[in-house]
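The values are calculated or read from the model by the stated rules, or taken from the named source; none is laboratory data. All of these numbers come straight from a predicted model, not from anything done at the bench. Don't worry about glycine lacking a Cβ; one is built from the backbone with ideal geometry, like all the others, and counts go over all protein chains shown. Side chains included, ligands, DNA and RNA excluded: accessible areas come from the protein's heavy atoms. Shrake-Rupley method; radii C 1.70, N 1.55, O 1.52, S 1.80 Å.
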Amino acid sequence: MIATLIVAWIVFIILWKLLKATVSSALTIAAILILLNISFGITPQDIWHHLTQFAQTLSQIQSGK
């Protein structure tokens, strides 16, 4: 019984830290996107477009085309 509670507590702590890190990262990314939009007029769609172009370029370089 005690061992089960200890394992459950350890799992809870690990999940809590993971959730905190995920929320922190999401808020940081959202803040960066808002600042880019307000400061320079860059939209999330613009960033996504450039990221997909970059991925395609890397794929072409890797395949040797």
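Numbers below:
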{"quantity": "Segment 41-65 residues that are under 22 Å from residue 26 (Cα atoms), paired with ones that are polar (S, T, N, Q) (beta carbon under 7 Å, 6 or more apart)", "calculated": "43/37"}
{"quantity": "Qualifying residue in segment 1-20 (condition: outside any helix (DSSP H, G or I) and either touching a residue at least 40 places away in the same chain (Cβ under 8 Å) or open to solvent by 100 Å² or more (accessible area, probe 1.4 Å) (or both))", "calculated": "yes"}
{"quantity": "Residue among 51, 35, 27 that alone is under 22 Å from the mean Cα position of the chain (by Cα) and open to solvent by less than 100 Å² (accessible area, probe 1.4 Å)", "calculated": "51"}
